[in-house]
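A.B. asks: Here's a structure for you.
The values are calculated or read from the model by the stated rules, or taken from the named source; none is laboratory data. Quick caveat: nothing in here was measured; it's all calculated off a predicted structure. Cβ sites come from the backbone with ideal geometry, for glycine too, and all protein chains shown count toward neighbours. Protein only, heavy atoms only, side chains kept; ligands, DNA and RNA dropped before computing areas. Shrake-Rupley method; radii C 1.70, N 1.55, O 1.52, S 1.80 Å.
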Amino acid sequence: AWRRAVATVRPELVMATHHSRYALSTHRWDAPLAHARESAAALNIPLAAPKVGEPIRL
């Protein structure tokens, strides 16, 4: 669903939020960010994934 939505909208940049913070699911704690990275790369769209508290210039 994420990849389809991004492919439809074709933004200049996507930003991952609420990811890889805690192990609260049955998948690996870092799986959502890994999926976002793979999807952004497949769509050739830059991905911003700042660390907690890291500033990002948009």
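A.B. asks: Under a 1.4 angstrom probe, counting protein chains only, how are TRP2, TRP29 ranked by accessible area, largest first?
C.D. replies: Values: TRP2 90, TRP29 130 Å².
From most exposed to least exposed: TRP29, TRP2.
A.B. asks: Under a 5 Å amide H to amide H cut-off, with H placed in plane at 1.01 Å, what residues pair with ALA48 once short-range neighbours are removed?
C.D. replies: VAL14, MET15, ALA16
A.B. asks: Please compute the per residue accessible area over the chain with all protein chains in place, 1.4 Å probe, rounded to a whole number of Å². Don't skip to the answer; put the middle values down first.
C.D. replies: Details: 4770 Å² over 58 residues.
I get 82 Å² per residue for this part.
A.B. asks: Put THR17, THR8, THR26 in order of accessible area, largest first, 1.4 Å probe: what do you get?
C.D. replies: These residues rank, largest area first, as THR26, THR8, THR17.
A.B. asks: Could I ask something else about it? Can you tell me the orientation of helix 31-43 relative to the chain, as the angle in degrees between its alpha-carbon axis and the longest Cα principal axis, to the nearest 10?
C.D. replies: Once rounded, one gets 10 degrees.
A.B. asks: Right, here's the next one. Quick one: dipole size for the chain, taken about the Cα centre, charges +1 on Lys/Arg Cβ and -1 on Asp/Glu Cβ, in debye to the nearest 20.
C.D. replies: On the way: 8 positive and 4 negative charges, 14 e Å.
Using Cβ point charges on Lys, Arg, Asp and Glu, the chain gives about 60 debye.
A.B. asks: Next question. Please check: in the Gaussian network model of the chain (C-alpha springs, under 10 Å), which one of ALA16, ALA34, ALA42 has the largest mean-square fluctuation.
C.D. replies: Top of the fluctuation ranking is ALA42.
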